1. Please indicate, with yes or no, whether at least one residue in region 142-149 is among the polar types (S, T, N, Q), buried (at least 24 other Cβ atoms within 10 Å of the Cβ) and either out of contact with any Lys or Arg (no Cβ under 6 Å at 6 or more places or on another chain) or part of a helix (DSSP H, G or I) (or both).
2. One residue is enough: does region 400-422 have a residue meeting the conditions assigned to a loop (DSSP other than H, G, I, E, B), surrounded by fewer than 16 Cβ atoms within 10 Å (Cβ to Cβ), out of contact with any Leu (no Cβ under 9 Å at 6 or more places or on another chain) and of a type in the set (D, E)?
3. Answer yes or no: is there a residue in region 219-235 that is under 30 Å from D138 (Cβ atoms) and free of Cβ contacts under 8 Å to residues at least 24 places away in the same chain.
4. Go through region 549-577 and report how many residues are out of contact with any Pro (no Cβ under 9 Å at 6 or more places or on another chain), under 21 Å from R125 (Cβ atoms) and surrounded by fewer than 20 Cβ atoms within 10 Å (Cβ to Cβ).
5. Quick one: D328 ticks every box in (1) within 21 Å of C99 (Cα to Cα); (2) free of Cβ contacts under 8 Å to residues at least 12 places away in the same chain; (3) not hydrophobic (A, V, I, L, M, F, W, C) except a single one, so which number is it?
6. Can you pull out the residues in region 484-527 that are more than 25 Å from the chain's Cα centre (by Cα), surrounded by 24 or more Cβ atoms within 10 Å (Cβ to Cβ) and in a loop (DSSP other than H, G, I, E, B)?
7. List the residue pairs whose Cβ atoms are under 7 Å apart, where the first residue sits in region 600-629 and is without any contact (Cβ under 8 Å) to a residue 12 or more places away in the chain, the second is outside any loop (DSSP other than H, G, I, E, B) and buried (at least 21 other Cβ atoms within 10 Å of the Cβ), and the two are 6 or more positions apart or on different chains.
8. Examine region 292-309 for a residue that is exposed (fewer than 13 other Cβ atoms within 10 Å of the Cβ), assigned by TED's automatic domain parsing to the domain that holds G147 and free of Cβ contacts under 8 Å to residues at least 60 places away in the same chain, and state whether such a residue exists.
Amino acid sequence: MPDTTPPTVDLSTLEAALREANIPTLLVVLAHITGDLSLLEGDELPSRGDVDGVYRMSEARQQAIRELALEVLGDVLSGKRPAGALPSAEVLQRMASVCVGEPVAAEYVPMMLEDMGFTDGAQRRVAWKDGDAPPLDDFRVLVVGAGLSGVSAGIHLGRAGIPYAIVEKNADVGGSWFENTYPACGVDTPNHFYSFSFEPNPDWGGFYSKRDELHRYIDGVADKYDVRPHVRFETEVVALRYLEDEAMWQATLRSADGRQWTETANVVLSAVGQVNRPRIPDFPGRERFDGPAFHSARWEHDHALDGKRVAVIGTGASAMQFAPAIADSVEQLTIFQRSPHWMRIEPDYHRGVGDGKRWLLSHVPHYQSWYRFKLFWSYGDGIWDSLHRDPDWREPHHSLNAENDRHRRIFVRQLTEALDGDEALMAKVIPDYPPFAKRMLIDNRWCEMLKRDDVELLTSGVQSITEHGVVDDDGVEHAADVIVYATGFHAHRFLWPIEVTGRSGATLAQTWRDDARAHLGMSAPDFPNLFFFYGPNTNLAHGGSMIFHIECQSRYITQCLMRMREGGHRAMEVRRDVHDAYNARVDAEHAQMVWTHPGVDTWYRNDGGRIVSVSPWRLVDYWQMTAAPDMAEFELT
């Protein structure tokens, strides 16, 4: 929750801050504080799609809201008026609907209460049923990875008093936000939502912050919640083997100097992520290139790019961030695009958060909570319906339904304007498949970069690499001094390269092959006492914050361990029928969604065409599924 300690009330400071307020958020905050529900009525209410500074209500209406806020908040901050009681569930639902400009179902209210910080329901669930923990001296949890998932796991286990240790292959916490240091590396989810609900940050410098600020946030959270003392850095897990007689996992660990040893743990939590092992295709001749060549996720900063001819292979999220950032300094930038991505022009992407906005987030009661929910909806569940096929839709090749087509028209208009109507560039940039079928990207001045004379976007593939450049599919060699591979990750090889051997003696790689499946994305038959963060079908493609999912998983897994210990059990393993039924539901939902659209090549699918990476569920669905474990779904021994 934000710091609501009354500051020295200066109405001029408050008035200046209100000029930066998000008007829909401010309106709902006023209704929350005053209890005056007439504020939620009338003809001039927030509209769907309102963004900071661009609203469909009149300027006079906006000014009236600011003036009322000046009066009400001045009284609240000076202690003359209370901050307002928690509204009823019915009123919260109504307020949420007004805030986002469209109906919000009642099922969202319990989730809102927790995620917005209005109740401690999540903490109450992660509690021992009898109030006190059973003896835990002989119980130990091993967490693999100290990224966002590992840090969150440590916080939740620590709150429950469950002993744990984290091993991390890197020299610091942060995971991908530690490893990725390429130019302009940043988040493409608004960071006022891309943060832990229990640790909101009112002082973000940008609406879409860059890597250094994000890493500082994770670093600070790890320190504040005393996770760091539990972490052994520069220690890698080589293998995991389940010892059925002991109901223990044996972990083979390796230090940075190559020394190996084994340890045992009752439970292992995998927090290794999906996108931390870079993938570079085995292009013929790749080893012959005589200049610097590296993956964007392992950026080699000792190679200056000034005045160099740089070839970039790939046009995904990383390339869209770093390519425009280096375009000014290189002599020639040649970009190889396998297929185009839909991108949106986001006004806030390069905008810093003003002092007034930060002041509101820090001091105004409920403002940060309601602003978080607005982002949750606008960049998450608010677009979920548009990702489903309408069987009667007239344009199934280019869009899925009326709403999806509306998105398409907006994106086409934005891109046409950004490219100055250049038909040759538009033909290369604008996809012919529905929006959201592949990961949506944010234009980091990408279109502006493409208009430069020293930048060339090629739509042919890579045939081979030579000593001096890259040969395209047409046999044309493009000279390069440096090659940057923006070619993604081994996203389907979950937990790779760790060799994980289960109860039966089969490895996880043998069991999953290219078709990873897990119950709720977190557990698999034959692998007792092993839980996955960010496992199969938990990546968020329709929008939203991965941190939201991480918190759901942290609470669920911690509760699993608590219920197991309370019951005197040594092991828990998800039942095969439960696991299979869940994955059948996943596949059935995906069959109706945009990611299974024919003719779209995406890393979300495996070689057989099954979606293995992304979740088909709304965020509220996953929150409900993971609110508390059903122990009847597990074999307990």
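1. Applying the first criterion (among the polar types (S, T, N, Q)) to region 142-149 yields 149.
Next, only the ones that are buried (at least 24 other Cβ atoms within 10 Å of the Cβ) stay: 149.
The next check asks that each one be either out of contact with any Lys or Arg (no Cβ under 6 Å at 6 or more places or on another chain) or part of a helix (DSSP H, G or I) (or both); those that pass are 149.
Yes, the conditions are met somewhere in region 142-149.
2. Checking region 400-422: at least one residue is assigned to a loop (DSSP other than H, G, I, E, B), surrounded by fewer than 16 Cβ atoms within 10 Å (Cβ to Cβ), out of contact with any Leu (no Cβ under 9 Å at 6 or more places or on another chain) and of a type in the set (D, E).
3. So far as region 219-235 goes, yes, one or more of its residues are under 30 Å from D138 (Cβ atoms) and free of Cβ contacts under 8 Å to residues at least 24 places away in the same chain.
4. The qualifying residues number 2.
5. Going through the list (1) within 21 Å of C99 (Cα to Cα); (2) free of Cβ contacts under 8 Å to residues at least 12 places away in the same chain; (3) not hydrophobic (A, V, I, L, M, F, W, C), D328 breaks only (1).
6. Passing the criteria: only F527.
7. That search, which allows pairs on different chains as well, returns R605/I611.
8. No, region 292-309 has no match at all.
The values are calculated or read from the model by the stated rules, or taken from the named source; none is laboratory data. Note that the coordinates shown come from a computational prediction; the quantities given were computed from them, not determined experimentally. Virtual Cβ from ideal backbone geometry, glycine too; neighbours counted across all protein chains shown.
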